[in-house]
Amino acid sequence: MNNQLTAFNTLLFKEIKRILRIWPQTLLPPVITMTLYFVIFGQMIGSRVGEMGGVSYMQFIVPGLIMMSVITNSYSNVVSSFFSTKFHGSIDEFLVSPISKHTILLGYVAGGVFRGLAIALIVSMVALFFTQLSISHFGIMVLTIFGTSVLFSLGGFINAIFARSFDDISIVPSFILTPLTYLGGVFYSLENLSPFWQNLSLLNPIVYMVNAFRYGILGHSDVNVGYSLLAILIFCVIFYGVAYQLLKDGRRIRIS
């Protein structure tokens, strides 16, 4: 147990050190992007939109933008880090070492969670320059952002296992995550959609994550928050099982 804990701490420290060492690539770009969102959508467009969900448009989009940054950064951190380990062949050292597969998986996921939560904190601080925020339900907010970060870190790990080139790790973010995020209620309330589009939006899992987090901050949600938290938990368990089995199987780990 002590050996596994030491291995986990080493992996996590390595990931944190990598994130901080290349901070112009890992921490700065999301902050600049979110600041532009605040200026363009929050101030310029928001002044024309008025209120949404009982609050100003700027306040309404802040939880969604924070969640967007958590999703993209948690995912990209793990997929890029683990694939680089595969690409350079150093994954073989992990596989022949006495480190358990659970420890390897948890170490990389913890690194993704660290980056996701760090970006969330920074973006939240930037948001305070544009609007005022108050937390309505602290526990729900923490559970949602932590669970979402874990979920997409696991998704990045799975993507990294299947990837055969650096081009492969950009397919899911470009063609799946980005559309689902923009259609996930970040910039609008489902109440503003027609019944058909409301029902269609309910098939988007990011809708539940964004709304649960928005409920934690603003006390407003378009969906049942309890179902949202349960869905995040179920998906985390499923993704963890898939990631662990792929890592244990090992056939997709090495790049031929």
Of all accessible heavy-atom area on the chain, the percent that carbon and sulfur account for (1.4 Å): 68
Using a 1.4 Å probe and counting only protein heavy atoms, arrange LEU233, LEU193, LEU154, LEU200 so the residue with the most accessible area comes first. LEU233, LEU200, LEU193, LEU154
Put +1 on the Cβ of each Lys and Arg and -1 on the Cβ of each Asp and Glu in the chain; which of PRO29, PRO63, VAL210 then has its Cα farthest toward the positive end of the dipole? PRO29
Could you tell me the relative contact order of segment 169-256? Use alpha-carbon pairs under 8 Å, at least six residues apart, and round to a whole percent. 19
Rolling a 1.4 angstrom probe over the protein chains, ignoring ligands and nucleic acids, what is the accessible area of MET44 in square angstrom, nearest 10? 120
For the chain, built as a Gaussian network whose Cα springs stay under 10 Å, the top-fluctuating residue of GLY155, GLY50, GLY185: GLY50
At a 1.4 Å probe radius, which order do LYS86, LYS14 fall into by accessible area, largest first? LYS14, LYS86
Run the count for the chain, please: Lys pairs, Cα-Cα under 18 angstrom, 8 or more apart or on different chains. 5
Quote the accessible area belonging to SER84 in square angstrom, nearest 10, computed with a 1.4 Å probe and with ligands, DNA and RNA left uncounted. 40
Contour minus end-to-end for THR10 and LEU203, with contour as 0.36 nm per residue of separation and end-to-end as the Cα-Cα distance? 65.6 nm
With every protein chain kept in place and a 1.4 Å probe, the chain has an accessible area per residue in Å² of 49
Mean projection of the alpha-carbon convex hull of the chain over all orientations, in nm²? 14.1
Give me the number: length gained by fully extending PHE162 to LEU183, i.e. 0.36 nm times residue separation minus the C-alpha to C-alpha distance, one decimal in nm. 4.9 nm
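The values are calculated or read from the model by the stated rules, or taken from the named source; none is laboratory data. For clarity, every value in this text was computed on a predicted model and none was experimentally measured. Every residue, glycine among them, receives a Cβ derived from its backbone with ideal geometry; neighbour counts consider all protein chains shown. All accessible areas refer to the heavy atoms of the entire protein, side chains included, with ligands and DNA or RNA removed. Shrake-Rupley method; radii C 1.70, N 1.55, O 1.52, S 1.80 Å.
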